[in-house]
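Notes follow the structure.
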Amino acid sequence: MANVLGSVRLSHETESTISPDGQGEQIKGWSDLHDHTVIHMAQDLEVSGAVALHERPGLGPWLTEPDKIAQWDIICVAELDRLSQSLLDTAEFIRWCQENGKTIVSAGEPLDFSGAMGRMFAQQLAMYAEFERERISERRAKAAARLRRKAQWGGGRPPFGYMPVKEDDYYVLVPNPATVPVVMRIAADIIAGKSCNQIARDLNAENVPSSQGGPGMQASVWRAQGIIVLMRNPALRGLVMQDDHHGKSVIVRDDDGNPVTREAIVDKETWDNVQEALDKNGISPELARAAESARGFMPTPEGLALYDTAATYAHLGPVAEIGTYCGKSTIYLAAAAREAGQLVVTVDHHRGSEENQPGLDWHDAELVDPATGRLDTLPHFRSALAATGLEEHVIAVVGRSTSVAGLWRTPVGMLFIDGGHTDALAQADYEAWAPWVVEGGALAIHDVFPDPADGAQGPYRMYLRALKSGAFTEVRVEGSLRVLERTGPGIG
């Protein structure tokens, strides 16, 4: 016996179509015949079969919201064309169902994708869809390449600093007089030694439109990482760029191997000076090495993203860290907080999380205190921090997160949660500390794994709750690190 999600769709009702009631009766009849239970009938009336399944008002939430996805095992339609009229969409949905342990059934054909015939049909459909995707991709790539080889613009968002101008029957990119001064100002500030975080704060304070904005797009703010990406882009030197088949941006070259160019925004001397200054920007090599050598479970790219986040938001208030362990993440946070003249308050009972205990995968026997026989990470944290010269910028609180939160009364510019990974502990950390994140401040969550095979689901469900609340908006993803910005009240 399984739970069935019925899907009813009708674009236009004619004599040749099955009415919504008729579709529902077929789905209900098939479910009753097989002793299944229909838990919901998603209806999408006046909706074309070309609309993607997850974008439909009736069906969409049952394919995107985790609490709804968990309620059903089988999706049943009256006929397969009620599901979608796009072979590509149908093949993608079959693949999604297979990956998520779901089954598709058509009551009218009959067609059951859990059976041998259904699986064979699904494989054939997937092969065709992959072939068609590759053909579409190849056609687009060839057309774009032809245009770029002539330095013509093939559409999309132009690099910041440029604007499209029509010439005859095609477009080219030329320097945009409205945004070139912004690029040159940023270049001058970087060469002068100003940090990218300070440049971002200055631009935001003056309400300068960011490189992420554009016509018809929601207003965005400047961030240090965005400035780095902008000023590392060879397009500013007039080089025409395109993505290769690995998604990496590469220089377009003509048949003789020479770079294809357009009018440059910055000259070679300015470009070289900016690149040299950027190489020195960010966390110092000494502190980066100290963080990398400290015990912990944070890969370097996530640590650098944590540093960038703290550097961006610490000017709004102190940084609170829930889950110190041996201080790896604390070093990244404190290095950025020091630049902003702020403190990091890091909270941990220093007895290790559930997965650190003896007999479990992440246990480190060297962290056990021989006098007590219990895990004690505090001495290792103090030793790692002492070697960095950051002690005066860190306040270490030894205690349970929720107990400390009961005494906490200070708004924070950034909150980093990397505590217990069970649902109960993760939700308790979120409820105790998330209310203290200021408007425009950041909530960073570590070890967010959508796939249970990769790790515990407590942080992931905390992350989903924060997004669903409407109080937080995702602004960055780096590995298992999610960075959200407070954009509304409450915590959900």
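Readers should treat all values here as calculations from the given coordinates under stated rules, not as data from a laboratory. Worth saying up front: this structure is predicted, and the values here are computed from it rather than measured. Heads up, the Cβs are rebuilt from the backbone with ideal geometry, glycines too, and the neighbour counts pull from every protein chain shown.
Taking the Cα centre of each part, how many Å lie between segment 282-328 and segment 34-62? A separation of 44 Å, based on Cα centres. When the pairs Lys102/Lys248; Lys248/Lys268; Lys166/Lys194; Lys28/Lys102; Lys328/Lys468 are compared against a 27 Å limit on Cα-Cα distance, Lys102/Lys248; Lys166/Lys194; Lys328/Lys468 fall above it. Summing Lys, Arg as +1 and Asp, Glu as -1, what charge do residues with Cβ under 15 Å from the Cβ of Trp433 carry, Trp433 excluded? Computed value for this residue: -1.
Model label points for His34 and Val229, set 7 angstrom from Cα along the Cα-to-Cβ axis, are 4.4 nm apart.
Note on segment 285-486: antiparallel DSSP beta bridges, both residues inside, total approximately 40 percent of the bridges counted.
Once the Cα-Cα distance is subtracted from the 0.36 nm per residue extended length, the Glu366 to Glu167 segment shows a gain of 64.7 nm. Extension gain for Thr402-Asp279 works out to 40.2 nm (0.36 nm per residue, less the C-alpha to C-alpha distance). Backbone phi angles across segment 411-421, fed through the Karplus curve with coefficients 6.51, -1.76 and 1.60 (θ = phi - 60°), yield HN-Hα couplings of x, 10, x, 8, 10, 10, 10, 9, x, x, 9 Hz in residue order; Gly and Pro are listed as x. For segment 336-492, rounded, prolate or oblate, judged on the Cα gyration tensor with a ≥ b ≥ c (square roots of eigenvalues), a/c < 1.5 rounded, else prolate if a/b > b/c? The shape class here is oblate. For Ile69 and Ser469, the FRET efficiency from 1/(1 + (r/R0)^6), where r spans their Cβ atoms and R0 equals 25 Å, is about 0.85.
Take the Cβ atoms of Gln98 and Arg295, set R0 to 41 Å, and the FRET efficiency comes out at 0.55. A cut-off under 12 angstrom between Cβ atoms defines the neighbours of Gly389, and their net charge, with Lys, Arg +1 and Asp, Glu -1, is -2. Assuming a ≥ b ≥ c are the square roots of the Cα gyration tensor eigenvalues, decide whether segment 258-403 counts as rounded (a/c under 1.5), prolate (otherwise, with a/b larger than b/c) or oblate. Note, shape of segment 258-403 comes out prolate. Scoring 320-333, 376-389 by mean Cβ neighbours within 10 Å over their residues and listing the highest first yields 320-333, 376-389.
If a/c stays under 1.5 just call it rounded; otherwise compare a/b with b/c (prolate if a/b is bigger, oblate if not). Do that for segment 280-342, with a ≥ b ≥ c from the square roots of the Cα gyration tensor eigenvalues. Oblate, because a/c is 1.5 or more while a/b does not exceed b/c. With a simple spin-label model that places each label point 7 Å from the Cα along the Cα-to-Cβ direction, the separation between Thr410 and Asp81 comes to 6.7 nm.
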